[in-house]
1. Look at segment 49-77 and say how many of its residues are exposed (fewer than 15 other Cβ atoms within 10 Å of the Cβ) and either within 17 Å of Gly109 (Cβ to Cβ) or out of contact with any strand residue (DSSP E or B) (no Cβ under 8 Å at 6 or more places or on another chain) (or both).
2. Are any residues in segment 22-77 at negative phi and in a loop (DSSP other than H, G, I, E, B), and if so, which ones?
3. Give just the number: which of (1) modelled with pLDDT under 95; (2) on the phi > 0 side of the Ramachandran plot; (3) open to solvent by 60 Å² or more (accessible area, probe 1.4 Å) does Asn197 not satisfy?
4. Just to verify a result, which residue in segment 78-100, among those that are outside any strand (DSSP E or B) and in contact with a Lys or Arg (Cβ under 7 Å, 6 or more places away or on another chain), is least open to solvent (accessible area, probe 1.4 Å)?
5. Run Ala25 past the list (1) without any contact (Cβ under 8 Å) to a residue 40 or more places away in the chain; (2) in contact with a Phe, Trp or Tyr (Cβ under 8 Å, 6 or more places away or on another chain); (3) among the small types (Gly, Ala, Ser) and report the number of the one that doesn't hold.
6. Considering only segment 101-118, how many residues are in a helix (DSSP H, G or I), surrounded by fewer than 19 Cβ atoms within 10 Å (Cβ to Cβ) and either of a type outside the set (D, E, K, R) or at pLDDT 95 or above (or both)?
7. Name the single residue, out of those in segment 160-194 being part of a helix (DSSP H, G or I) and touching a Leu at 6+ places or on another chain (Cβ under 7 Å), that is modelled with the lowest pLDDT.
Amino acid sequence: MKLFPWESWEPSAPEDFMRDDPDEANHPSRIRMCNEAAMVGGKILEVGCGTAIDYPRLTRMGLEYSAVELTPKFIARARELYPGIDIHQGRIWDLPFEDDSFDVVYCRGVVQHLPPETYPEALDEMWRVAKTLLLVSTNRLFRKGKGITYREKGGPYVNHYVFDEFNSYVKALPRSISRYVSGFMRPEERERNLRSNLSHTIFIIYNLDYWRMNLQ
């Protein structure tokens, strides 16, 4: 699969990208997203799974796991770590599944890597294959500012977008009800992140009929 120019950082990322931190699997945002998914249960699709760090927790919680990932070496590493994992190569805007194929669609730390003009298309496509719940996490949010993410010198984050604009795309999803929650910082990160007004943000989007019948 040919990479777009803005995807070129991924081939240079280490095979165990994000696994060099032994506490990454227990990041508060991961735990919260997994808990939200487990409350619905059933089949889950992780979009942009990397090496599938959340696979063990989600499967222990009883979810039937599938994933889509762009980078071949991440896919190979996930299969090496978890033989039998159901993982496919693909992009967020063209998921190889029928409508309503999954009870939950889970997407953590991916959207900040996308061209901003493609956010609505990406959300629409994930919502298309989600039967009940879509969970989308941005890595960071400027709580007092205007951007959800920012460009780190020498880092992969190259896009800037406005929180209210992104949230408007979320709220435009048909037959849905949504909210967002922020926080989820490790204790050792809290003081530094608060000084910089940085926080993880999770968007929680439910099918409106499911919400009325089960959660209202």
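The values are calculated or read from the model by the stated rules, or taken from the named source; none is laboratory data. Since the model is a prediction, treat every value here as computed from it, not as a measurement. So basically every Cβ, Gly included, is an ideal-geometry build from the backbone, and we count neighbours across all protein chains shown. These accessible areas exclude ligands, DNA and RNA; they are computed on the full protein's heavy atoms, side chains included. Shrake-Rupley method; radii C 1.70, N 1.55, O 1.52, S 1.80 Å.
1. Of the residues in that region, 4 qualify.
2. At the first step, the residues of segment 22-77 found to be at negative phi are 22-40, 43-47, 49, 51, 53-61, 63-77.
Passing the criteria: Pro22, Asp23, His27, Cys49, Thr51, Ile53, Asp54, Met61, Leu63, Leu70, Thr71.
3. Asn197 satisfies every listed condition except (3).
4. At the first step, the residues of segment 78-100 found to be outside any strand (DSSP E or B) are 78-86, 90-100.
Going one step further and asking which of them are in contact with a Lys or Arg (Cβ under 7 Å, 6 or more places away or on another chain), we end up with 85, 99-100.
Working: Ile85: 16, Asp99: 96, Asp100: 90 Å².
My answer is Ile85.
5. Single failed check for Ala25: (2).
6. Step one: list which residues in segment 101-118 are in a helix (DSSP H, G or I), which gives 111-113, 116-118.
After this cut, where a residue has to be surrounded by fewer than 19 Cβ atoms within 10 Å (Cβ to Cβ) as well, the list is 116-118.
If we keep only those that are either of a type outside the set (D, E, K, R) or at pLDDT 95 or above (or both) too, we end up with 116, 118.
Number satisfying all stated conditions: 2.
7. Pass one, segment 160-194, residues part of a helix (DSSP H, G or I): 163-171, 187-194.
Cutting the leftovers down to touching a Leu at 6+ places or on another chain (Cβ under 7 Å) gives us 163, 169-170.
Numbers: Phe163: 78, Tyr169: 94, Val170: 96.
This residue is Phe163.
A quick yes/no check of all residues on (1) of a type outside the set (Ser, Thr, Tyr); (2) over 27 Å from Ser182 (Cβ atoms); (3) at pLDDT below 95:
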site	(1), (2), (3)
Ala37	yes, no, no
Gly41	yes, no, no
Lys73	yes, yes, yes
Ala78	yes, yes, no
